[in-house]
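Enquirer: My questions all concern the structure below.
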Amino acid sequence: MRKIISLVIASVLLLALFTLAVSAGGNQVAVISGGTTTEYSDYKDGFKAAKAGDTVKLLTDITLYGSESLTVSAGSDLTVDGNGKTIYSPYTCFYCPSASETNRTKLTLKNLKIDCTEKSGKHSVQIASYIDLLVENCDFKSSYDGVCVEGVYNKITLKDSSLYSAATYGIRAKNCNEYLLENTKITSSGGSCIEVASKWTPAAEITLKNCEFTANGNFCLWLQGNNNATIEGGTYTTVGSANKPAAIYVDGGNSNLTIKDGTFSCDYGSAITVKGASTVNIEGGTFNYTGAGAGSALVASAGTVNITGGTFVSNGTDAVINVTGADANVTITRATCTNKGSAAVPAYANNGQTVESFPAGATTVTIPVPPETEPETTTGSPEVTTSEPEVTTSGTEVTTTGSVVTTSTPEATTAKPEVTTSAPAPSTGENTQMLFVICGVVFLALAAVVVVKIREKN
């Protein structure tokens, strides 16, 4: 009799577990709108139903097909919570066409994995103009670019995320855009981790904080044209080549780069190369040339370089800090140079002329701060004038009607896509779940009756 009771109880537990499994599965996404959550068995229905300010939460992995992309309508405000799930795409996963200055598109991706490495997979995210893109705690794997920026006046923020590009760039960056990367890892196996080619005004703004970049055969950061960039910590390593010989490459144009801290390494060429009319300010950090041939920790063929701190280490046969062009203006206030290669290598050379050599038998030399001059003294009190800066703020109006996401093939165009205004009703999956729950309850009641009858009989 005890066996019969045990079997009944086991059956009840199995049915309860099955009911819970059915109620948790079957639906692909949930749309959170205000305080209401609606689940959809087809992700397309869920994305189409999402309105401005809504969150689409993945309940399972999703696979896109063919040239299908999740296209976010211009002027939308959408958050996609990946919930740790993965979107598999053989093409471009998310696409944002051009919006406008007064009606920007806002797209937030968080806790999401995107895999665009299969077949003809392309970009994880592709955006045109006037887009605010926020990526948090995401993992992108792409055949081409992790984030492809085709337009202007965009704001791209990546935090605590990782990007892998199998063939091109981690981020293909262009004109008049703002880029903030914090605690983000980028690995590229074809192009640079980040290439910023800005030819317009205003300049592109790039800030890197505690990032980890690894470029195989290319640059970690490639600045071309008109850019303002700041690096605050992190590691930037290039496995170089004859064509891409630096971890940080400031290539002509009129860029301004400030390096406050970080570790920069390259095994071919130099840790940092400066060309053109650009200005580079080095306040700290470690710059390593790890190759055994011709190479330096820093090479300047043109431009202005101001060094007020930092450690420069070279294993090569050229000067640790090497000025190779008459158009280069390098000023060193303080720098620590270490020679790990030939004993004849100077610490600092200008067009082949040794400016600072290593002391006999030493491998490290610090170029000191010049002697300070006595400050001028005055007996009068200085006049102090303070004024508060004028602050002007303007809001950005975002209006959206109908669905914010459609599935389509992205095109690099400024035309706005058609906006769908009808939202499909919730799928019948919810009714199916309720039916299983009711069946479970009925079964539990019948099982309890059977147990009571068996006990009365005994």
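Enquirer: Gap in Å between the Cα centre of the range 195-218 and the Cα centre of the range 132-163?
Expert: 12 Å
Enquirer: Can you give me the distance in nm between label points at A294 and K340, each placed 7 Å from the Cα along the Cα-to-Cβ direction?
Expert: About 2.2 nm, to one decimal.
Enquirer: Let me ask another. With label points built 7 Å along Cα→Cβ from the Cα atoms of A277 and D327, find their separation and express it in nm.
Expert: Taking the simple label geometry, A277 and D327 are separated by 1.0 nm.
Enquirer: If you don't mind, another one. For the modelled label position 7 Å from the Cα of S33 along Cα-to-Cβ, which residues of the range 55-75 have backbone nitrogen atoms closer than 12 Å?
Expert: Residues 55-56 qualify, since their backbone N sits under 12 Å from the label point.
Enquirer: At 0.36 nm per residue, and after removing the present C-alpha to C-alpha distance, how many nm does the segment from T354 to D160 gain when stretched out fully?
Expert: On the way: separation 194, 0.36 × 194 = 69.84 nm, distance 4.40 nm.
Taking T354 through D160 to full extension adds about 65.4 nm, to one decimal.
Enquirer: Pairs on different chains or at least eight residues apart, Cα atoms closer than 18 Å: how many lysine pairs in the range 69-149 fit?
Expert: On the way: K85/K110; K85/K113; K85/K141; K110/K141; K113/K122; K113/K141; K119/K141; K122/K141.
So the count of such lysine pairs works out to 8.
Enquirer: Right, another one. What does the extension gain come out to for N306 and T366, with contour length at 0.36 nm per residue minus their alpha carbon separation? Intermediate results must be reported in sequence, preceding the final value.
Expert: On the way: separation 60, 0.36 × 60 = 21.60 nm, distance 1.56 nm.
Full-extension gain reported as 20.0 nm.
Enquirer: All other residues with a Cβ under 13 Å from the Cβ of S265 taken together, and with Lys, Arg as +1 and Asp, Glu as -1, what is their net charge? Write out the running numbers ahead of the final one.
Expert: Working: positive: K340; negative: E212, D267.
Overall, the nearby charge balance is -1.
Enquirer: According to a simple spin-label model (label point 7 Å from Cα along Cα-to-Cβ), what is the distance in nm between N243 and N111?
Expert: 4.3 nm
Enquirer: Counting only heavy atoms of the protein chains, get the accessible area per residue of the range 97-221 (1.4 Å probe) and round it to a whole Å² value. Before the final figure, lay out each step's value.
Expert: Details: 4360 Å² over 125 residues.
Per residue, the range 97-221 has 35 Å² of solvent-accessible surface.
Enquirer: Another question about this same structure. Multiply the residue separation of N183 and E101 by 0.36 nm, subtract the distance between their alpha-carbon atoms, and state the gained length in nm to one decimal. Could the numbers behind the result be given before it?
Expert: Details: separation 82, 0.36 × 82 = 29.52 nm, distance 2.93 nm.
That works out to 26.6 nm of additional length.
The values are calculated or read from the model by the stated rules, or taken from the named source; none is laboratory data. The shown structure was predicted, so the numbers you read here are calculated from the model rather than taken from an experiment. Glycine also receives a Cβ, built like all others from the backbone with ideal geometry; neighbour counts cover every protein chain displayed. Each accessible area value is taken on the protein alone, full model and side chains, heavy atoms only, with ligands, DNA and RNA left out. Shrake-Rupley method; radii C 1.70, N 1.55, O 1.52, S 1.80 Å.
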